[in-house]
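Heads up, the thing below is written out as structure tokens.
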Amino acid sequence: MADGDQQLARFRMRLGSFLAIRYCLRGLLIWTMTLAAAVVLLRVAAGIERQWLLAGLLGYVPALAVGIVLAVRRTPSTPAMRAALDRHAALGGLLMTAGERDLGAWGPRMPGVSQPAVRLHAGRHGMLLLAGIAFLAAGFLVPDRYLPAGEESLEVGTQMEQLAAKLAVVKQEQLIPPEKAQVLEKDLVRVRQEASGKNPAKTLEAMDHLEASLAKAAAEAAEAAVRHAEAAGKAEDLARALDDVKAQMAPAQLSEAMKELARLTEQAAAESKSLAESLDKELAEACRDGRLTADELKDLAEALAKCKACERMRLEKLVGARLVDAAELARLAEAAEGHEAELAEVLRGCESGEDLEDALAALATGESADRNDDEADGMPGRGGRGGGGPPTALSWTQGANQENVGFKEKVLAPAAAASLKESRLVGVSTGDPTAAKPAGPSAGGALAAAKAGGGAARTQLILPQHENTIRRYFEREKTRP
Amino acid sequence: MNQPTAPLLAPDELAPLVALADRILAQMDLVLLGRTALHRLVLAGILSRGHILLEGLPGVGKTALIKALGQILRLEFRRVQFTPDLMPSDILGTHILQDKAGGPREMTFQAGPVFTNILLADEINRASPKTQSALLEAMQERSVTMLGTTRMLPEPFFVLASQNPIELEGTYPLPEAQLDRFLFKLPVGDVSAEVLEDIICTRRRGEPPVPSAPLSAEELSRLFAGMERMYLPRAVSRYISRLVAASHPRSREATAEVNSYVTYGASPRAAIAMGEASRAHALLAGRPTVGFEDVRAVAAPVMNHRLILNYKARFDQIGELAIVQGLLDSLDEAGLGLPADLEVEKAARGP
């Protein structure tokens, strides 16, 4: 009986092994196919890097575990295996009975038990597994460049970085409120995340919107910088001019000029926060009282010059970030251009209080005092910004307008070609146009071939083979009795 | 029947029983030439205490076989020729008014031919259903009840019936209930020319020799006692159950042929009969336990008359034996329940 039990244990082991191979093979096959499909799908559709997908290989462990568990659960019961061995050895139920009761004298007489052959027909699954492995390997090994562009392939990284840089400049220069800067930053992140090759228009439109917001803020800042520089420049011009001609001016005129300087300085300080902060309190007070000494006038001029330089630096930063056009720098330079020598000359030449008032008024309005002579025609400028164009008024603050620049609309007289409106194009000749010959006299037309008394407008051609038939037709009356 | 609790038949206990069985078979082979397999099944049926239906053409030796069996077993043997006008009382017996000496006349039971050990019901399908059904109680209960009095039949009691598969005009096919009571339905076919030659040469007027070594009553009892100790392992009984269950259409292990051609499968009585017949077959094979090969040997005779086929089977000329063979081929005896692509060798290869 010991032999029977040993053979039974051996048979159980063999059968369990075959079952384990079978279920593990299926588990491997299913996981290989699933993983291969997932690898291809994720690489193609989601653009996931292959090193992340290598983690899927860990799935083979549970696949094998499931196979082994299934094999253990599907292993036949001991009585069934005993019955199989009994049948194989043709023991006539002795081995089966041995598992249920004592065989008595039959135990020693029982023939030897042999192991039945076990065959697993796994060729098809094996081939499929090999194919799955090849599929998986191909899924991993195909280079990225051969994969079709996916949804995330919209390349907007560079533009996004530029936008981020612009936003950083705008934020740093405090061109927009911090809350709005935060909103724009969030928008930028969201647009970057939602950038999709499926709908590029949406992404590009959002980027355009962001850029427009930044550009608008920058344009306003540039305009303010020009305005500040211009205000500071006027005050600086007057301060430097007064410093030059202070000794030569009458006290009343000097006082008037000092008042104008105080007004211009206050105006510039009101517009430029940097100037307000950098201006010394005593100096500002002295300026307001109109009792500036020569040194103080120099200090004031320096402070105003610094304010101009500060505005220029700010504008340069915006230009550097491509938020505004570089032409704005030229505009700022033009607005802040110094005219102190000319102004000093004008002040020096003011003999009466009225002259001074005119000069100061011209300075306030932005007109150069020495150009008053050129105002004969009222349009002393030659072209607008960038040159060219018709004469235009010069202004310290206003840019060139579009007046006299556009063409005047004029309704043209009805053309003779209007009659051709109903004509029809029949072709285009490649040769030179030729004049049509004048029409000749009228012709007979359809009646040209008609004979007098013929009764018909057209001569009927009778074919030779029909002649006899026709003749017989017309002669039938003659032959009729 | 409960599994025997006594120890297995020891080899020295089994050997005399096998010798007895061989002696019976030898005597039967001597009487009826060329029917070895049939004789084994008939003896297995007798040892299983079952009734046997023999089906064959006239003159193939059905009656001779049964008669010889009665002589060998030394059992009382009676033959009833079933005809359409045969009445139940002609088989079971009747009450007659009889004069009694010195007293009034009284009804006395006159036993019919059924009160015997071996009843040969010749051409059983020629009798009317009423007469056929008179045998139902006798076959199942082994008793006869008349006028409220039940009389037990002698022990052992076997019905060995024969029927002719041709000349069906004027016959009454046995009802399913009665067919189910037969343990075996055995076809008695033709014999080969060599056997016929032997019969002609050795038998004057075809008269079979008288059995020379009949069994004693004690020997027959020992055989039946041995049958009681035959062991049917659990796996084999499970195989028998699956086999019978699979004969029903739309059952879990039913074959495509069963689903197509069978209207009703075999009854639980078939499973019981198969278990008993397998035991007898194992005894004849000289083994104390029943193996799968014993079940396979008796499955067809047990099941073939218990399957009710539909008209489609008749049109396609599919018989019960083909259905049973299909079941035997498709069912895994051991019941390993392995997947289809995992195969275990059934029988060891020869040297």
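The values are calculated or read from the model by the stated rules, or taken from the named source; none is laboratory data. Just so we're clear, the structure is a prediction, and the values are computed from it rather than from any experiment. Quick reminder, even Gly has a Cβ in these numbers, built from the backbone with ideal geometry, and neighbours come from all protein chains shown.
Among B:232, B:220, which is at pLDDT 85 or above, within 30 Å of residue A:104 (Cα to Cα), touching a Lys or Arg at 6+ places or on another chain (Cβ under 9 Å) and within 14 Å of another protein chain (Cβ to nearest Cβ)?
B:232
Kindly check whether there is at least one residue in the range B:4-22 that is within 25 Å of residue B:138 (Cβ to Cβ) and either over 16 Å from the mean Cα position of the chain (by Cα) or small (Gly, Ala, Ser) (or both).
No, the conditions are met nowhere in the range B:4-22.
Give A:47, A:132, A:56 a once-over and let me know the one that is more than 10 Å from every other protein chain (Cβ to nearest Cβ), of a type in the set (Gly, Ala, Ser), under 17 Å from residue A:31 (Cα atoms) and touching a residue at least 24 places away in the same chain (Cβ under 8 Å).
A:132
If I ask for residues that are in contact with a His (Cβ under 7 Å, 6 or more places away or on another chain) and hydroxyl-bearing (Ser, Thr, Tyr), which ones from the range A:261-287 would you list?
A:272
Could you name every one of the strands (runs of 3 or more DSSP E) located completely within the range B:140-246 that has at least 3 residues being under 29 Å from residue B:334 (Cα atoms)?
B:182-188
Scan the range B:8-27 and tell me whether some residue there is of a type in the set (S, T, N, Q), within 14 Å of chain A (Cβ to nearest Cβ) and in contact (Cβ under 8 Å) with a residue 12 or more places away in the chain.
No, that holds for no residue.
One residue is enough: does the range A:329-351 have a residue meeting the conditions farther than 23 Å from residue A:239 by Cα, of a type outside the set (A, V, I, L, M, F, W, C) and crowded, with 18+ Cβ neighbours inside 10 Å?
No, every residue in the range A:329-351 fails to be farther than 23 Å from residue A:239 by Cα, of a type outside the set (A, V, I, L, M, F, W, C) and crowded, with 18+ Cβ neighbours inside 10 Å.
Take residue B:105 and decide whether it is of a type in the set (Lys, Arg) and either modelled with pLDDT of 85 or more or surrounded by 15 or more Cβ atoms within 10 Å (Cβ to Cβ) (or both).
no
Could you identify the single residue in A:254, A:279, A:275 that is without any contact (Cβ under 8 Å) to a residue 24 or more places away in the chain and in contact with a Leu (Cβ under 9 Å, 6 or more places away or on another chain)?
Residue meeting the stated conditions: A:254.
With the checklist (1) under 25 Å from residue A:175 (Cα atoms); (2) under 25 Å from the mean Cα position of the chain (by Cα); (3) among the basic types (Lys, Arg) in hand, flag the one item residue A:227 doesn't pass.
Among (1) under 25 Å from residue A:175 (Cα atoms); (2) under 25 Å from the mean Cα position of the chain (by Cα); (3) among the basic types (Lys, Arg), residue A:227 violates only (2).
Taking the criterion of being touching a Lys or Arg at 6+ places or on another chain (Cβ under 9 Å), within 14 Å of another protein chain (Cβ to nearest Cβ) and part of a helix (DSSP H, G or I), would at least one residue in the range A:61-68 satisfy it?
So far as the range A:61-68 goes, yes, one or more of its residues are touching a Lys or Arg at 6+ places or on another chain (Cβ under 9 Å), within 14 Å of another protein chain (Cβ to nearest Cβ) and part of a helix (DSSP H, G or I).
Go through the range B:102-118 and give me each residue that's in a loop (DSSP other than H, G, I, E, B) and within 26 Å of residue B:73 (Cβ to Cβ).
B:112, B:113, B:114, B:115, B:116, B:117
Looking for something touching an Asp or Glu at 6+ places or on another chain (Cβ under 7 Å), modelled with pLDDT under 95 and away from every other protein chain (no Cβ under 14 Å) - is there at least one such residue anywhere in the range B:263-270?
yes
Residues that are among the β-branched types (Val, Ile, Thr), loosely packed, with under 12 Cβ neighbours inside 10 Å and farther than 30 Å from residue B:20 by Cβ: does the range B:136-154 have at least one?
Yes, the range B:136-154 has at least one match.
Name the one entry in A:101, A:73, A:124 that is facing chain B (nearest Cβ under 10 Å) and in a helix (DSSP H, G or I).
Every option except A:124 fails the conditions.
Are any of the residues in the range B:319-336 within 30 Å of residue A:125 (Cβ to Cβ), charged (D, E, K, R) and more than 14 Å from chain A (Cβ to nearest Cβ)?
Yes.
Examine the range A:137-160 for a residue that is of a type in the set (Gly, Ala, Ser), in contact (Cβ under 8 Å) with a residue 12 or more places away in the chain, over 30 Å from residue A:209 (Cβ atoms) and at the interface with chain B (Cβ under 8 Å from one of its Cβ atoms), and state whether such a residue exists.
Among the residues of the range A:137-160, not one is of a type in the set (Gly, Ala, Ser), in contact (Cβ under 8 Å) with a residue 12 or more places away in the chain, over 30 Å from residue A:209 (Cβ atoms) and at the interface with chain B (Cβ under 8 Å from one of its Cβ atoms), which makes the answer no.
Say whether the condition of being assigned to a helix (DSSP H, G or I) and under 16 Å from residue A:133 (Cβ atoms) is met by at least one residue in the range A:11-23.
No, because not a single residue in the range A:11-23 is assigned to a helix (DSSP H, G or I) and under 16 Å from residue A:133 (Cβ atoms).
Take the residues in the range A:76-86 that are surrounded by fewer than 23 Cβ atoms within 10 Å (Cβ to Cβ) and of a type in the set (Gly, Ala, Ser); name whichever of them is farthest from the other protein chains (Cβ to nearest Cβ).
A:77
The conditions are (1) without any contact (Cβ under 8 Å) to a residue 24 or more places away in the chain; (2) on the phi > 0 side of the Ramachandran plot; (3) more than 8 Å from every other protein chain (Cβ to nearest Cβ), and residue A:90 fails exactly one of them. Which is it?
(3) is the only condition that residue A:90 fails.
Only one residue in B:290, B:344 is within 19 Å of the chain's Cα centre (by Cα), under 19 Å from residue A:95 (Cβ atoms), within 14 Å of chain A (Cβ to nearest Cβ) and β-branched (Val, Ile, Thr). Which one?
B:290
Can you name the condition, by its number, that residue B:238 falls short on among (1) within 14 Å of chain A (Cβ to nearest Cβ); (2) surrounded by fewer than 24 Cβ atoms within 10 Å (Cβ to Cβ); (3) in contact with a strand residue (DSSP E or B) (Cβ under 7 Å, 6 or more places away or on another chain)?
For residue B:238, the exception is condition (3).
Among (1) surrounded by 23 or more Cβ atoms within 10 Å (Cβ to Cβ); (2) part of a helix (DSSP H, G or I); (3) of a type outside the set (Val, Ile, Thr), which single condition is residue B:325 missing?
Condition not satisfied by residue B:325: (1).
Taking the condition of being surrounded by 23 or more Cβ atoms within 10 Å (Cβ to Cβ) and either of a type in the set (Ser, Thr, Tyr) or not in a helix (DSSP H, G or I) (or both), how many residues in the range A:227-268 meet it?
Residues in the range A:227-268 being surrounded by 23 or more Cβ atoms within 10 Å (Cβ to Cβ) and either of a type in the set (Ser, Thr, Tyr) or not in a helix (DSSP H, G or I) (or both): 1 in total.
Considering the range A:104-121 alone, what residues qualify as being in a helix (DSSP H, G or I) and either among the polar types (S, T, N, Q) or facing another protein chain (nearest Cβ under 7 Å) (or both)?
If the condition is that a residue be in a helix (DSSP H, G or I) and either among the polar types (S, T, N, Q) or facing another protein chain (nearest Cβ under 7 Å) (or both), then A:106, A:109 are the ones that fit.
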